[in-house]
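Worksheet: the structure to be examined is printed underneath.
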Amino acid sequence: MKNKQCMNCRSTRLKRFIDLGDQPNGNYFPSADELDSEPNYPCAMAVCEDCWQVQIEEFPSVESMFTNHPYVTGINIPVVEHFEQMAARTVKKFAIPKNSLAIDIGANDGTLMQCFQKNGLRVMGVDPGKKTGRLAAEKGLHVFEAFWNDETAKLLQQLNVRPKLISATAVFYHIEDIHSFVKGISRMLEKDTIFLVQCVYMKDVLEHVQFDHFYHEHTMMHSLRPLKRLFSEHGMRMIDVDFYPIHGGSFVLYVGREDSVYPSSDKIAAAIEAEEAAGMYQYDTYEAFARRVEHNKNELLKLLKRLKAEGKSVYALGAPLKGSTLLNYCGIGPDLVACATEVNRFKIGKYTPGTHIPIIYEEAVEEEPDYYLVLSWNFIEFFEKKYASFLNAGGKMIVPHPEVRVIERSPMQA
């Protein structure tokens with residue numbers, strides 16, 4: 001689907017700032033007999049010069065991307081810990097009464113729902129994923145198998161579903177029609193209902209050269225000023241915002257009705273001022289970002305080719321969706337990276353999309369490589385602890401941005 005206008009303000013003043021070339025569906029991991037039949041789609045990002053919304057130019061159908069989604073929240077320890085902290089903080093911040101209903105949109109395997117349960121809330125989920133829905137059901141959680149939009153909200157409204165909290169984490173940039181999504185949220189809000197939305201922060205993406213957050217699932221990338229405009233159009237008001245390091249830099253935004261009982265925090269205006277100071281409403285900033293991305297690509301390839309010439313072995317650490325963007329954009333295949341290690345059972349035994357690096361079970365590694373290319377770089381601190389013995393024994397890790405760097409331990413550190 002080619003986007004002729006901004007998905008937020010509907011302006012036609014969209015301007016491309018980076019082209020990552022044709023890319024496969026980064027969350028479809030082919031088996032050996034599927035390597036010659038992968039479809040590819042253009043992957044270029046544009047920014048609206050009216051409201052400064054960042055969005056993908058063209059994306060496949062959301063059904064093809066999310067119905068058999070392989071990501072599983074519960075095996076990602078840093079995310080689980082973050083959800084536990086965020087859930088407790090939210091319930092306390094807004095004094096949400098015990099036994100209130102929380103709806104989690106994009107519920108995945110129900111990990112966040114369980115965190116809300118621990119804080120005394122009743123829960124239900126909305127998610128189109130079949131694989132993850134079964135995992136949630138195994139935990140005794142009810143997930144309504146559907147995409148969230150205004151029609152889904154109408155149905156829940158007819159069933160007299162009345163939540164005090166609605167959450168959408170790592171899903172608010174996966175949307176084909178954001179106005180239908182937000183209209184559905186607005187329909188469900190009462191004066192004391194909170195909509196919690198968590199997104200990777202475009203400000204961090206720009207400042208830390210995190211170009212691999214761009215892929216087909218991320219139809220939009222968010223900052224606060226464009227969202228303020230969007231919510232206002234639907235009779236909603238930003239109430240508060242918190243910032244977390246998760247996913248390389250995220251914001252958790254709390255939104256209510258225009259007549260919400262909760263006042264708006266000064267942090268909203270301060271964050272928007274910081275966005276302006278960072279140049280986020282100037283096209284030059286996005287052009288400069290694209291140049292830094294190209295520089296990093298060249299530096300990473302130079303390093304990997306040098307290591308190959310020296311006879312060093314390199315494995316990928318993790319096979320996340322963002323890794324697919326990086327590998328395909330840089331043209332990194334099994335000639336430079338022998339395999340990728342994973343703990344996700346839906347990926348093990350398959351191949352990385354497009355670049356066809358074999359994916360093996362993390363614990364099946366018999367001999368550690370000389371280097372790990374950390375594709376899940378957003379959890380680098382977690383991996384440094386987890387792989388402490390590897391680093392202490394002389395192993396090294398390659399982190400792709402904000403600058404390509406190698407993590408190693410000196411004998412004194414070990």
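Charged side chains reduced to their Cβ positions (Lys and Arg at +1, Asp and Glu at -1) give the stretch 230-350 a dipole of some 1120 debye around its Cα centre. Neighbours of E363 by Cβ distance under 15 Å: Lys/Arg scored +1, Asp/Glu scored -1, total -2. For the chain, the relative contact order works out to 15 percent when only alpha carbon pairs closer than 8 Å and six or more residues apart are counted. Of D242, D284, the order by accessible heavy-atom surface (1.4 Å probe, DNA, RNA and ligands excluded), from most exposed downward, is D284, D242. Computed from point charges on the beta carbon alone (+1 for Lys and Arg, -1 for Asp and Glu), the dipole magnitude for the chain about its Cα centre is near 960 Debye. When Y28, Y372 are compared by accessible area of protein heavy atoms, the largest-first order is Y28, Y372, using a 1.4 Å probe.
Histogrammed with a bin width of 10 Å, the alpha carbon distances of the stretch 149-225 distribute as 17, 44, 26, 11, 1 percent, first bin at zero.
Computed from the C-beta positions of E368 and E145, the FRET efficiency with R₀ = 45 Å rounds to 0.65. Axis angle, to the nearest 10 degrees, between helix 178-188 and the longest C-alpha principal axis of the chain: 40 degrees. The simple spin-label model puts a point 7 Å past each Cα toward its Cβ; for E276 and Y41 those points are separated by 3.6 nm. Shape index of the stretch 270-324: Rg/Rh, with Rg the Cα radius of gyration and Rh the Kirkwood radius from the inverse mean 1/r over Cα pairs, equals 1.20. Near L20, once Lys and Arg are set to +1 and Asp and Glu to -1 for all other residues with Cβ below 13 Å from its Cβ, the sum equals -3. Along the axis of the charge dipole computed for the chain (Cβ charges of +1 for Lys and Arg, -1 for Asp and Glu, origin at the Cα centre), the listed residues G279, F116, Y201 are led at the positive end by F116. Answer with one residue from L375, I246, F181: the one whose Cα lies farthest towards the positive end of the charge dipole of the chain, charges on Cβ with Lys, Arg +1 and Asp, Glu -1. Positive-end residue among those listed: F181. Ranking H179, H356 from most to least accessible surface, computed with a 1.4 Å probe over the protein chains only, gives H356, H179. Taken over the C-alpha atoms, the chain has Rg and Dmax values of 21.3, 66 angstrom.
Database note for the chain: Cys without another Cys beta carbon under 4.7 angstrom, C43, C115, C199, C330, C339.
Please give the direction-averaged projected area of the C-alpha convex hull for the stretch 209-298, in square nanometres with one decimal.
Average projection, Cα convex hull of the stretch 209-298: 7.0 nm².
Spin-label pair K267-K312: with each label point 7 Å from Cα along the Cα-Cβ axis, the two points sit 4.1 nm from one another.
Here the stretch 311-414 is treated as a sphere whose radius is the Kirkwood value from Cα pairs; by Stokes-Einstein at 20 °C and 1.002 mPa s it diffuses with a coefficient of 155 µm²/s. Taking the stretch 1-41 and a reference point 7 angstrom along Cα→Cβ of T285, the backbone N atoms nearer than 15 Å belong to 17.
The values are calculated or read from the model by the stated rules, or taken from the named source; none is laboratory data. Values in this document were obtained by computation on a predicted structure and should not be read as measured data. Virtual Cβ from ideal backbone geometry, glycine too; neighbours counted across all protein chains shown. Accessible surface is based on the protein model in full, side chains and every heavy atom, while ligands, DNA and RNA are left aside. Shrake-Rupley method; radii C 1.70, N 1.55, O 1.52, S 1.80 Å.
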